[in-house]
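Enquirer: Handing you a structure now.
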Amino acid sequence: MGAMRSDHLFLSSSASPLTRRSTLLAALAALALPASRVAAATSSPGVWPKALQVPGGVARLSLGPAAVRPVAYAGDVPLLVLGDAAEWTAIVGIPLSAEPGEASIAVETPGGRRTLPYTISPKRYSEQRLKVEPRTVDLSPEDQARYERERTHQALVMATLTEPPHTQVLRMRAPTPGRRSSSFGLRRVFNGQPRNPHSGMDIAAATGTAVVSPLPARVIDTGDYFFNGNTVWLDHGGGLLSLMCHLSATDVKPGDMLKTGERLGEVGATGRVTGPHLHWGVMLNRTMVDPALFLDA
Ligand SMILES: [Zn+2]
């Protein structure tokens, strides 16, 4: 059963676009395009984000060739579309709350609107029990009101949509050195009470360790939030965002442009935490996905 699942996942996410690409390359060769153009298209430098069609994962859906970048949607949320005229790919963030089974995106081209189906495989995330300050689980009326204001503000930040990144390779640099927990997706129970699943990667590091940008970015929000503590939101383009939480210090302000590896603040223990660490979130189409899919290992 497990083996069949992974085979199916492999076939649906990788093999068919590759087959399509080979056919396309044969067609391009037949058209006698310059050799360098074809050679560039056949080199396979690795793929980031990695495709993993499960709740909290990423689907890479082939949209085929088109003269202009197609526009694609999950529901009414625009998707990141990468590529060039020879082959476009929709990079789809799959919500942790998604039901396994058939899903689809909509693709708009000058010819009209079509539906592109894909399959979400099940993934069972385990449970994590945490002990935190009681006031961060049973919120006072003041804290509840503050949290709701912050949630409204964050929703605006998360809707940021700018031009797609210039690069096709969205391989990210780990934002801080340290042990990376595989806690993405864990169903969390705080002081015995179930809460939202863990939607990022925790990296253990001492307070004061530098936090850097994982890709070129524009800073779109900074603030001190009830659960997330000192926070920096980064826009990498095309609806791909990073979230850095619990910082002890922030060095940047909205509008700042950062290169990959450029410092934005320091690891800390602000907000709802059990100790100093970086919480790193990665968002695609307003959906938190597993940051590990953007890293080398
Ligand atoms: Zn976390």
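Enquirer: Just to be sure, is Thr162 at pLDDT below 95, more than 16 Å from the ligand (Cβ to nearest atom) and either among the hydroxyl-bearing types (Ser, Thr, Tyr) or touching a helix residue (DSSP H, G or I) at 6+ places or on another chain (Cβ under 7 Å) (or both)?
Expert: No: the conditions fail for Thr162.
Enquirer: With the condition kept exactly as written, say whether any residue in segment 133-152 is surrounded by 14 or more Cβ atoms within 10 Å (Cβ to Cβ), touching a helix residue (DSSP H, G or I) at 6+ places or on another chain (Cβ under 9 Å) and in a loop (DSSP other than H, G, I, E, B).
Expert: yes
Enquirer: How many residues does segment 205-227 contain that are at pLDDT below 95 and either within 11 Å of the ligand (Cβ to nearest atom) or more than 26 Å from Arg135 (Cα to Cα) (or both)?
Expert: Residues meeting the conditions: 1.
Enquirer: While we're on this one: Just give me the residues in segment 167-193 being surrounded by fewer than 18 Cβ atoms within 10 Å (Cβ to Cβ), within 16 Å of the ligand (Cβ to nearest atom), more than 15 Å from Val273 (Cβ to Cβ) and of a type outside the set (A, V, I, L, M), in sequence order.
Expert: Scanning segment 167-193 gives Arg179, Ser182, Arg187.
Enquirer: Here's something else I'd like to know. Kindly establish whether Thr231 is in the same structural domain as His279 (by TED's automatic domain parsing), outside any loop (DSSP other than H, G, I, E, B), among the polar types (S, T, N, Q) and away from the ligand (no atom under 15 Å from the Cβ).
Expert: No: the conditions fail for Thr231.
Enquirer: Within segment 278-294, work out how many residues are more than 16 Å from the ligand (Cβ to nearest atom) and aliphatic (A, V, I, L, M).
Expert: Summing the residues that are more than 16 Å from the ligand (Cβ to nearest atom) and aliphatic (A, V, I, L, M) in segment 278-294 gives 2.
Enquirer: Something else: The conditions are (1) free of Cβ contacts under 8 Å to residues at least 12 places away in the same chain; (2) within 19 Å of Ala269 (Cα to Cα); (3) not aliphatic (A, V, I, L, M), and Pro194 fails exactly one of them. Which is it?
Expert: (2)
Enquirer: Do we have any residue at all in segment 245-252 that's within 16 Å of the ligand (Cβ to nearest atom) and either closer than 18 Å to Ala155 by Cβ or of a type in the set (Ser, Thr, Tyr) (or both)?
Expert: Checking segment 245-252: at least one residue is within 16 Å of the ligand (Cβ to nearest atom) and either closer than 18 Å to Ala155 by Cβ or of a type in the set (Ser, Thr, Tyr) (or both).
Enquirer: Here's a check for you: in segment 87-121, which residue that is touching a Lys or Arg at 6+ places or on another chain (Cβ under 8 Å) and of a type in the set (Ser, Thr, Tyr) is farthest from Asn285 (Cα to Cα)?
Expert: Ser121
Enquirer: Sticking with this structure for a sec: Is it the case, given these coordinates, that Ser199 is assigned to a loop (DSSP other than H, G, I, E, B) and at pLDDT below 95?
Expert: Spelling it out, it is not the case that Ser199 is assigned to a loop (DSSP other than H, G, I, E, B) and at pLDDT below 95.
Enquirer: List every residue pair whose Cβ atoms sit under 7 Å apart, with the two residues 6 or more apart in sequence or on different chains, where the first one lies in segment 128-153 and is of a type in the set (A, V, I, L, M) and the second, anywhere, is in a loop (DSSP other than H, G, I, E, B) and surrounded by 11 or more Cβ atoms within 10 Å (Cβ to Cβ).
Expert: Leu130/Thr274; Val132/Asn191; Val132/Arg272; Val132/Thr274; Val137/Asn191
Enquirer: Somewhere in segment 67-76, is a residue touching a residue at least 60 places away in the same chain (Cβ under 8 Å), out of contact with any Pro (no Cβ under 8 Å at 6 or more places or on another chain) and not in a loop (DSSP other than H, G, I, E, B)?
Expert: Yes; the residues of segment 67-76 include at least one that is touching a residue at least 60 places away in the same chain (Cβ under 8 Å), out of contact with any Pro (no Cβ under 8 Å at 6 or more places or on another chain) and not in a loop (DSSP other than H, G, I, E, B).
Enquirer: Can you go through Gly275, Gly265, Gly261 and tell me which one is more than 13 Å from the ligand (Cβ to nearest atom), outside any strand (DSSP E or B) and not polar (S, T, N, Q)?
Expert: Gly261
The values are calculated or read from the model by the stated rules, or taken from the named source; none is laboratory data. Fair warning: this is a prediction, and the values are worked out from it, not measured in the lab. All Cβ positions, even for glycine, are placed from backbone atoms using ideal geometry, and neighbour counts span all protein chains on display.
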